[in-house]
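Read the structure below first, then the notes.
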Amino acid sequence: MAKTTKIFKGLDGVVVDETAISQVMPRTNSLTYRGYAVQELCERCCFEEVAYLLWYGELPTRYQLSNFKKNERRRRKISRNHLAVIQRFPKRAHPMDTIRTSVSYLGTTEIAWGGEPAEADMERSMNLFSKIPTMIATDYRLRKGKRRIEPRSDLSYSENFLYMCFGRVPPRRVVKAFDISLILYAEHSFNASTFATRVVTSTMSDIYSSVTAGIGALKGPLHGGANEAVMNMLLEIGHPDRAEAWLRDAFRSKKVVMGFGHRVYKWGDSRVPTMRGCLEDLALWKNDHKWIEIEDVLEKIMAEEKKIYPNLDYPAGPAYYMMGFDIDMYTPIFVMSRITGWTAHCMEQNAANRLIRPLSSYTGVKQRRVKPIAKR
Ligand SMILES: CC(C)(COP(=O)(O)OP(=O)(O)OC[C@H]1O[C@@H](n2cnc3c(N)ncnc32)[C@H](O)[C@@H]1OP(=O)(O)O)[C@@H](O)C(=O)NCCC(=O)NCCS
């Protein structure tokens with residue numbers, strides 16, 4: 001009799017490797033980056049400090065941060081050839097497809113292999129980190145038939161991106177909410193896209209190929225694409241009075257309710273309260289409370305009847321909407337944050353590499369002989 005093999009569909013519950021980058025603790029509803037609670041990082045640090053922390057393992061001193069910022073700011077421009085590639089993207093292409101291709105293009109401009117010294121990958125990580133916002137914002141403006149805006153080196157990472165998209169730096173509270181969203185999205189252990197980057201790295205491929213794979217994985221609505229799906233859902237509901245009926249209909253038709261549930265957090269997502277605070281602040285600023293009111297109705301019923309709780313994408317979707325972004329920009333914004341976590345994982349994987357190659361249990365037809373074509 002055939003021995004039964006236990007299958008861990010979706011690798012659910014499987015520990016595949018060690019990491020020192022972040023720790024997700026579902027029981028205590030907490031998340032730390034290199035040992036620091038993410039809420040405290042949001043309160044006390046800017047996104048650049050968090051990027052430094054993820055890559056180097058420690059928070060920077062004032063001097064280190066100043067050098068780090070200078071280094072990031074001087075790389076922001078993209079080449080003329082790169083600009084020509086972005087100009088040729090179909091105007092209706094999804095920005096996740098254009099940023100995936102843009103990152104892949106950057107990889108063609110230098111010869112890189114995996115397993116290289118950490119300094120070389122750190123250099124490439126900084127290049128990706130610094131140029132990705134320019135790639136996204138340039139594509140955003142050109143797609144809308146607007147003049148592209150060159151990056152500025154006197155602005156922070158978040159300010160500069162908002163400036164390149166909107167042509168001005170928004171009020172401080174908007175910049176702060178945006179910066180916090182980048183910190184919250186930066187890293188989350190072995191999620192699907194990070195795992196994809198580690199799988200590619202494990203074959204001793206290069207960091208651009210790994211990040212390109214990560215972007216592809218992030219695009220899906222069960223992962224990063226959920227922040228866009230949440231806002232589309234809120235727009236479809238349209239008014240708090242319609243929220244309950246919409247949800248009951250979703251239950252009846254067994255629809256997945258976007259922005260709820262998580263593979264690891266079964267009792268709530270530790271990042272939600274901080275992002276919810278930002279959302280409330282943005283609602284006050286815009287004097288527009290409709291989206292929060294709709295969300296409150298859905299959240300209450302989901303908790304009471306399904307015991308399923310919101311994830312980070314739930315407050316992030318309407319927050320980006322109130323900042324003025326087109327909906328298809330939300331997941332690319334996630335990319336410009338998660339690039340820090342992905343590249344940290346590529347370097348960690350390289351430092352102690354073993355090819356990632358799981359097994360499968362075969363369920364197809366038994367071995368058979370090939371018939372000559374005339375007899376099939
Ligand atoms: C994230 C997600 C894929 C995690 O899925 P998972 O760990 O595989 O959990 P499961 O799909 O096994 O969910 C367990 C149960 O909860 C239900 N469930 C989970 N998330 C749900 C949601 N968002 N809406 C409705 N039901 C949901 C499942 O249908 C399943 O019910 P069942 O046991 O009756 O079949 C899932 O929660 C989801 O699709 N959420 C919506 C997309 C989203 O917001 N993604 C962003 C994640 S950060």
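The values are calculated or read from the model by the stated rules, or taken from the named source; none is laboratory data. This one's a predicted model, so the numbers in the text were calculated from it and none came from an experiment. Backbone-built Cβ (ideal geometry, glycine too); neighbour counts: all protein chains shown.
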Inset, instruction - Report, by residue number, each residue of segment 262-281 that is modelled with pLDDT of 95 or more and touching a Phe, Trp or Tyr at 6+ places or on another chain (Cβ under 9 Å). - result: Arg271, Val272, Met275, Arg276, Cys278, Leu279
Legend entry - When residues of segment 11-58 are limited to those that are modelled with pLDDT under 95 and small (Gly, Ala, Ser), the one surrounded by the most Cβ atoms within 10 Å (Cβ to Cβ): Ser30
Inset, instruction - Please give the number of the condition Ile180 fails out of (1) closer than 28 Å to Arg44 by Cβ; (2) within 16 Å of the ligand (Cβ to nearest atom); (3) buried (at least 24 other Cβ atoms within 10 Å of the Cβ). - result: (2)
Legend entry - Filtered residues of segment 94-117 (kept if surrounded by fewer than 14 Cβ atoms within 10 Å (Cβ to Cβ) and among the hydrophobic types (A, V, I, L, M, F, W, C)): Ile111, Trp113
Legend entry - Criterion (over 20 Å from Phe161 (Cα atoms), in a helix (DSSP H, G or I) and within 20 Å of the chain's Cα centre (by Cα)) met by exactly one of Leu106, Leu53, Leu31: Leu53
Legend entry - Criterion violated by Ile308 - all others in (1) within 15 Å of the ligand (Cβ to nearest atom); (2) touching a residue at least 60 places away in the same chain (Cβ under 8 Å); (3) not aromatic (Phe, Trp, Tyr) satisfied: (2)
Legend entry - Failed item, numbered, when Gly220 is tested on (1) without any contact (Cβ under 8 Å) to a residue 40 or more places away in the chain; (2) within 13 Å of the ligand (Cβ to nearest atom); (3) assigned by TED's automatic domain parsing to the domain that holds Val297: (3)
Inset, instruction - Scan Val169, Val175 and give me the residue that is over 22 Å from Gly107 (Cα atoms), part of a loop (DSSP other than H, G, I, E, B) and touching an Asp or Glu at 6+ places or on another chain (Cβ under 9 Å). - result: Val169
Legend entry - Boolean, Ile237 is within 16 Å of the ligand (Cβ to nearest atom), over 30 Å from Gly115 (Cβ atoms), at pLDDT 95 or above and not acidic (Asp, Glu): yes
Inset, instruction - Residues that are of a type in the set (Ser, Thr, Tyr) and under 20 Å from the mean Cα position of the chain (by Cα): find the helices (runs of 4 or more DSSP H) completely inside segment 207-261 holding 2 or more of those. - result: 207-218
Inset, instruction - Only one of these is part of a helix (DSSP H, G or I), among the acidic types (Asp, Glu) and either under 17 Å from Thr340 (Cα atoms) or without any contact (Cβ under 8 Å) to a residue 40 or more places away in the chain (or both): Glu58, Glu48. Name it. - result: Glu48
Legend entry - Subset of segment 199-214 (residues that are more than 16 Å from the ligand (Cβ to nearest atom) and closer than 23 Å to Phe47 by Cβ): Ile207, Tyr208, Ser210, Val211, Thr212
Legend entry - Tally of residues being surrounded by 18 or more Cβ atoms within 10 Å (Cβ to Cβ), among the hydrophobic types (A, V, I, L, M, F, W, C) and under 30 Å from Ile237 (Cα atoms) across segment 318-365: 9
Legend entry - Residue within segment 238-260 that is within 26 Å of Cys42 (Cα to Cα), surrounded by fewer than 22 Cβ atoms within 10 Å (Cβ to Cβ) and touching a Leu at 6+ places or on another chain (Cβ under 9 Å) present: yes
Inset, instruction - Please verify whether segment 286-296 includes one or more residues that are within 15 Å of the ligand (Cβ to nearest atom) and not assigned by TED's automatic domain parsing to the domain that holds Leu162. - result: yes
Inset, instruction - Among what's in segment 262-277 and is of a type in the set (D, E, K, R) and within 13 Å of the ligand (Cβ to nearest atom), pick the residue that is nearest to the chain's Cα centre (by Cα). - result: Arg271
